[in-house]
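A.B. asks: Handing you this structure, nothing more for now.
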Amino acid sequence: MIQDIESALLLVAEPTTILVVVLSAVFGLVIGSLPGMTATLAAALLVPFTFFLDPVPAIAAIITMSAMAIFAGDIPSALLRIPGTPSSAAYTEDAFALTRNGKGPIGLGVSLVASVLGGLFGSVLLIFVSPVLGEFALRFTSYEYFWVAVLGLTAAVIVSKGSQLKGGIALMVGLLVSTVGLDVTLGHPRFTFGEEQLYRGVDFIAAMIGLFGLSEVLRAVTARRGESMPIPKMESGGTLRPTLRGIWRHKGRVGSGSVIGGVVGALPGAGADIAAWIAYAVTRSTSRIRPGKGDKEAADDQRIEAISGASSANNAGIASAYVPTLAFGIPGDTITAILIGVLLVKGITPGPDLFLYQTDTLYSLYIIFIIANLLLLPLGFLLIRASGMVLRIPRSILMGLIVAISICGAFAINNGYLEVGLMVLFGVMGYLFEKGGIPLAPVVLGIVLGPIVERNFMQSVIKTNWDLTQFFTRPISAVLIVLVVLAIASVPLMGLLGRRAERAAAKASAGEVRTSA
Amino acid sequence: MTAAETSAASPRGALRQNLLIGGLAVLAGAIVIPYGASMPYIREGIPGPGLFLMMIGGLLILFGLLLPMTTWIGARRERGGRVGADGDADLATGADQDSFALPGAAVPEAEGDVPDERLETVGVMDTDVGSDGARRWINGAILMGGILAYVLLAPVLGFPITMALLVLAIVRSLRASWLAAALTGVLTSLGLWGLFEQVLLVQLPDGLIRGF
């Protein structure tokens, strides 16, 4: 083990890896700070470059970028009331209210430190839980893999924002896309329309670039003209002490947020966004701070408390989303789904084999997680100081750049135009889906998990001559079925938690109105 | 907010939108099932490549039928709630969402907050790339037509020229100045050319500049 850690340290300490970490950190901070630019979009744009890197720097690029982008999403939340990434949306109102009251840098500082602590907690969880699950996964047969993938698909639909039925339709579309190419049983072509290049299936990376990159540009170019937004003035000097005081005061919330983020993020298909919303709802609904009439300090303290809980959860969720990815090869969220694509290109198959045969790569991944989270602290404070400047990057130039990188990335996959065409197709699809309020994450998970579900299902039924009882009678399968049922049962619970948070906030507001009357 | 979003925000708009999405899902399912059924069987009575497709098709039809139904029920319940208890915060759920959706946890402003109009600001951000009227769709056409033109022209003109023209067109369509658009086009094109051709060793289309 010591030898593995040593070789992992050597891999991480290579100049290329260090350079990649620094560049992707800056890339993540810039993209995350721009309103509407998600960490998934940043990951999709990074992928073409990772093709040409060794596995460890390629993994380092995606991990570092995502850790940075998720925090950076808080910057436009605080300054413009526009969440930079979906996981910042939970506490956008609180962050902006703090800025309005002259405490923007403290809110951002608390969010930063909570993110770092949450990220480190998630990394520790990843380091200790994933090997245990990986070892457990060695006992899995096609039945268990089928159920794990079904659990992932169920979670993807359940956590769909807005409507689970639309999430279900999106998932079916993703599964349908995954069937393009030669099938696993007889090698029969499906949806290839006589095009031999489609026999290998739809390239996942081209689909990602289209769904998240090109669709964003399409949305921007067809947007209606709105008002230009002024950036609130923010004095960021001397924020360290009040930030640390805030974190210390709400250390319990950082802890509970980290645990929620760690657990929710580890659920296949959930990820950091959902973790932040749940942690926010829990923190708000169980808050003991009761601001009285005109008690601005208490109101702001309550906001800082909410930010502590939710920020720690989203970064903890990023790390723990790698638990199912590493242990079972099932993506925890869209970013890990992209990472699986990158790993497969590099000849690394996520799953139990990683713990047996590629331990140096595995340990490198753990080390990179810790480095990325520690690096977030200084770079995050720098970003808070430079936030106004980053937000002034013209969107028109950015859109041109995204199109250019998307085309180059899609072309570089196979040095051909088929992937460029697929990217355009998925770009239009992503645009239309977002217009119709259909979530994109289930499409991604459907594309990734589709072949796993189909292969394991067909393998199982063929080897048992269609004895379907085998799916239900094996002990591990039974546990996984219970988890699927629990995941479905968690739907009303999540709704209840959210409604409790709203009711608590409405009650507090009504109390203030009554007192003032 | 786009027109689609505005219309979708009202219960009737949401119902119309979900009816369309549900209809398309049912149609897709109705196409996929016979397509799957037409595929070869592993042996008699045992489906092979078409089984998964038929399952997906069936679920598409199921979800497609349920979506407008639940939206209609949600809208009716909301209407009933409004009549029964006007202004009750608990009943303010969007018709677009089904009853289990995670609600937004928007926080009301606290007493004593500095109002927006007294907020001290430092500048105007150049994030507004939106347009009015037909211009939006012209911008969309420039983007999609530009990519198509790139695919057709890149093998002839080469990557640097075609990409520079494409980026120039997109940036200019978003109301940037000619100079900014031209500079962005040229620098992006040359930067990506250098990075992909020289550093990553990806062969991009040479076109006219082959041999230079």
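A.B. asks: Filter region A:364-399 down to residues that are basic (Lys, Arg) and assigned to a helix (DSSP H, G or I) and give me whichever is farthest from the other protein chains (Cβ to nearest Cβ).
C.D. replies: Going residue by residue through region A:364-399, those that are basic (Lys, Arg) are A:385, A:392, A:395.
The next check asks that each one be assigned to a helix (DSSP H, G or I); those that pass are A:385, A:395.
Values: A:Arg385: 14, A:Arg395: 5 Å.
Restricting to residues being basic (Lys, Arg) and assigned to a helix (DSSP H, G or I), the top hit is A:Arg385.
A.B. asks: Can you work out which of the residues in region B:156-198 that are of a type outside the set (A, V, I, L, M, F, W, C) and more than 24 Å from A:Asn415 (Cα to Cα) is farthest from the chain's Cα centre (by Cα)? Don't jump to the end; show me each part of the working.
C.D. replies: So in region B:156-198, the residues of a type outside the set (A, V, I, L, M, F, W, C) come out as B:158, B:160, B:162, B:172-173, B:175, B:177, B:184-185, B:188-189, B:191, B:194, B:197-198.
Applying the additional criterion that residues be more than 24 Å from A:Asn415 (Cα to Cα) yields B:172-173, B:175, B:177, B:184.
On the way: B:Arg172: 22, B:Ser173: 19, B:Arg175: 22, B:Ser177: 27, B:Thr184: 25 Å.
Out of the qualifying residues, it is B:Ser177.
A.B. asks: A further question follows. Just name the residue that is farthest from A:Leu53 (Cα to Cα) out of those in region B:181-203 that are at the interface with chain A (Cβ under 7 Å from one of its Cβ atoms) and among the aliphatic types (A, V, I, L, M).
C.D. replies: B:Leu192
A.B. asks: Test of understanding: among A:Val150, A:Val173, A:Val157, which residue is touching a helix residue (DSSP H, G or I) at 6+ places or on another chain (Cβ under 7 Å) and under 27 Å from A:Lys463 (Cα atoms)?
C.D. replies: Working: A:Val173 fails: under 27 Å from A:Lys463 (Cα atoms); A:Val157 fails: under 27 Å from A:Lys463 (Cα atoms).
Testing whether each residue is touching a helix residue (DSSP H, G or I) at 6+ places or on another chain (Cβ under 7 Å) and under 27 Å from A:Lys463 (Cα atoms) leaves just A:Val150.
A.B. asks: Let me ask something else. Would you point out which residue out of B:Leu15, B:Leu24, B:Leu53 is within 8 Å of another protein chain (Cβ to nearest Cβ), in a helix (DSSP H, G or I) and closer than 20 Å to A:Gly167 by Cα? Spell out the reasoning first.
C.D. replies: On the way: B:Leu15 fails: within 8 Å of another protein chain (Cβ to nearest Cβ); B:Leu24 fails: within 8 Å of another protein chain (Cβ to nearest Cβ).
From the options B:Leu15, B:Leu24, B:Leu53, the qualifying one is B:Leu53.
A.B. asks: Against the condition β-branched (Val, Ile, Thr), without any contact (Cβ under 8 Å) to a residue 40 or more places away in the chain, under 21 Å from A:Pro48 (Cα atoms) and part of a helix (DSSP H, G or I), how does A:Ile407 come out, does it pass? Quick ask: steps written out before the conclusion?
C.D. replies: On the way: β-branched (Val, Ile, Thr): yes; without any contact (Cβ under 8 Å) to a residue 40 or more places away in the chain: yes; under 21 Å from A:Pro48 (Cα atoms): yes; part of a helix (DSSP H, G or I): yes.
Spelling it out, A:Ile407 is indeed β-branched (Val, Ile, Thr), without any contact (Cβ under 8 Å) to a residue 40 or more places away in the chain, under 21 Å from A:Pro48 (Cα atoms) and part of a helix (DSSP H, G or I).
A.B. asks: A further question follows. So which residues in region A:191-212 are in a loop (DSSP other than H, G, I, E, B) and crowded, with 16+ Cβ neighbours inside 10 Å, if there are any at all? Show your work before the answer.
C.D. replies: Of the residues in region A:191-212, the ones in a loop (DSSP other than H, G, I, E, B) are A:191-195, A:201-203.
Correct list: A:Phe191, A:Thr192, A:Gly201, A:Val202, A:Asp203.
A.B. asks: Then there is this: Check region B:125-143 and report whether any residue there is at pLDDT 90 or above, more than 7 Å from chain A (Cβ to nearest Cβ) and in contact with a helix residue (DSSP H, G or I) (Cβ under 7 Å, 6 or more places away or on another chain).
C.D. replies: yes
A.B. asks: Looking at (1) over 20 Å from A:Ser178 (Cβ atoms); (2) within 8 Å of chain A (Cβ to nearest Cβ); (3) of a type outside the set (Gly, Ala, Ser), find the lone condition where B:Arg79 falls short.
C.D. replies: Failed condition: (2).
A.B. asks: Let me ask something additional. Do we find that A:Val345 is among the β-branched types (Val, Ile, Thr) and over 22 Å from the mean Cα position of the chain (by Cα) in this structure? Quick ask: steps written out before the conclusion?
C.D. replies: Working: among the β-branched types (Val, Ile, Thr): yes; over 22 Å from the mean Cα position of the chain (by Cα): no.
Here the answer is no, as A:Val345 does not meet what is asked.
A.B. asks: What's the number of the condition A:Pro105 fails, among (1) at pLDDT 90 or above; (2) crowded, with 24+ Cβ neighbours inside 10 Å?
C.D. replies: (1)
A.B. asks: Pick from A:Val491, A:Val482, A:Val443: which is surrounded by fewer than 21 Cβ atoms within 10 Å (Cβ to Cβ), in a helix (DSSP H, G or I) and at pLDDT 85 or above? Explain how you work it out, then say what you get.
C.D. replies: Working: A:Val491 fails: at pLDDT 85 or above; A:Val443 fails: surrounded by fewer than 21 Cβ atoms within 10 Å (Cβ to Cβ).
Exactly one residue qualifies, and that residue is A:Val482.
A.B. asks: Do we find a residue being under 13 Å from A:Ile368 (Cβ atoms), touching a residue at least 12 places away in the same chain (Cβ under 8 Å) and small (Gly, Ala, Ser) anywhere in region A:42-49? Even if it seems obvious, please write down each step before you answer.
C.D. replies: The initial filter retains those residues of region A:42-49 that are under 13 Å from A:Ile368 (Cβ atoms), namely none.
No, because not a single residue in region A:42-49 is under 13 Å from A:Ile368 (Cβ atoms), touching a residue at least 12 places away in the same chain (Cβ under 8 Å) and small (Gly, Ala, Ser).
The values are calculated or read from the model by the stated rules, or taken from the named source; none is laboratory data. Every value quoted in this text rests on a predicted model; they were computed, and no experiment measured them. No Cβ is skipped: glycine too gets one built from the backbone with ideal geometry, and neighbour counts run over all protein chains shown.
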